[in-house]
1. Helix-only estimate, please: 222 nm mean residue ellipticity of the chain, summing -39500 (n - 2.57) across DSSP H runs of length 4 or more and dividing by its residues, to the nearest 500.
2. Report, in degrees rounded to the nearest 10, the 0 to 90 angle that the Cα long axis of helix 77-90 makes with the longest principal axis of the chain.
3. State the percent of C-alpha pairs, over all pairs in the stretch 92-217, separated by a distance greater than 18 angstrom.
4. How tilted is helix 162-179 with respect to the longest principal axis of the chain? Cα atoms for both, answer in degrees (0 to 90, nearest 10).
5. Roughly how big is the stretch 155-244's charge dipole about its Cα centre, with Cβ charges of +1 (Lys, Arg) and -1 (Asp, Glu), in debye to the nearest 20?
6. Using alpha carbons only, how many degrees (0 to 90, rounded to 10) separate the axis of helix 107-120 from the longest principal axis of the chain?
7. Could you point to the label whose value was computed as volume of the Cα convex hull per residue in Å³ for the structure here, given [x] 225; [y] 122; [z] 132?
8. Taking the stretch 86-173, which trypsin sites (Lys or Arg not before Pro) meet the DSSP loop condition and have no more than 16 other C-beta atoms within 10 Å?
Amino acid sequence: MIDILDKLSPLPPALGPFPRLSEPSSLPMNPDIVSLLQALDQADSAPKLAQATRRLAQAQYPDAIPALVKVLGYNNPGAAVAAVEGLINLGEAAAPYLLEHIDGFNYGARAWITRALAGIGDPRGLEILLDAAQSDFALSVRRSAAKGLGHLRWEQVDPSQLAQVQDRVLTALQAVAEKDGEWVVRYSAAAGLEALAQAQPGLNAQVTGFLTARLPREPEAVVQARIHWALEKLAKTKYSNTEA
């Protein structure tokens, strides 16, 4: 789910025109999704589009993925938030379509797609998340990408590439935690590092060492508090693993 900071950080508008959201030749046979797609297609105002998108997203039909992605191309943040939540809830099923079509959109829609990929955590989106976390100009996108890096679905990573992926994610999150100029992004990087170490216990010592060194250099009290919390949780995890 998208939290309140995401909703309060609107992205630059995406530009149309885009094709109609549904075409009769491609409508699924399921009558329920046909009705939802038609309602989306017939929405003639921003509130109606947002409402129709929410209903379609809540239905969690994989066949609705293309329509939800197209919604991201419109300058309607309410609809986009609903579409991203729906795509995240669809999870791994949505990742291939997102990755296949991300280059076909302008920045605004790409940024929303990046948020969706971050929430899904599919390792196939790794390159996009690494780039977004470190270089996207929108702080909300950097923040989402940093959070997503910390919550990758590690069980889906090829075992032969696990060490390399771990190193790249660790290096990226450390760089964001140190260098990003926005505290909310550094906060997410600290949380991402904690999640990384929790999911990959072999990195506990490296993450703990980095956060311990970072703590006195972090200028914002709220980020300091998040680092403290991460260190406490990682210490408990290390102790539990030692006892086991």
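Nothing in this text is a laboratory measurement; each read-out follows from the coordinates by a stated rule. As the structure is a computational prediction, the values presented were derived from the model and not from experiment. When we count neighbours, we look across all protein chains shown, and the Cβ atoms used for this are built from the backbone with ideal geometry, even at glycine.
1. Numbers: 13 runs with 163 residues, N = 244.
It comes out at -21000 deg cm²/dmol, rounded to the nearest 500.
2. 70
3. Working: 3824 of 7875 pairs.
Value for the stretch 92-217: 49 percent of Cα pairs lie more than 18 Å apart.
4. 90
5. My answer is approximately 200 debye.
6. 60
7. Computed from these coordinates, volume of the Cα convex hull per residue in Å³ corresponds to label [z].
8. Sites meeting the loop and neighbour criteria: Arg153.
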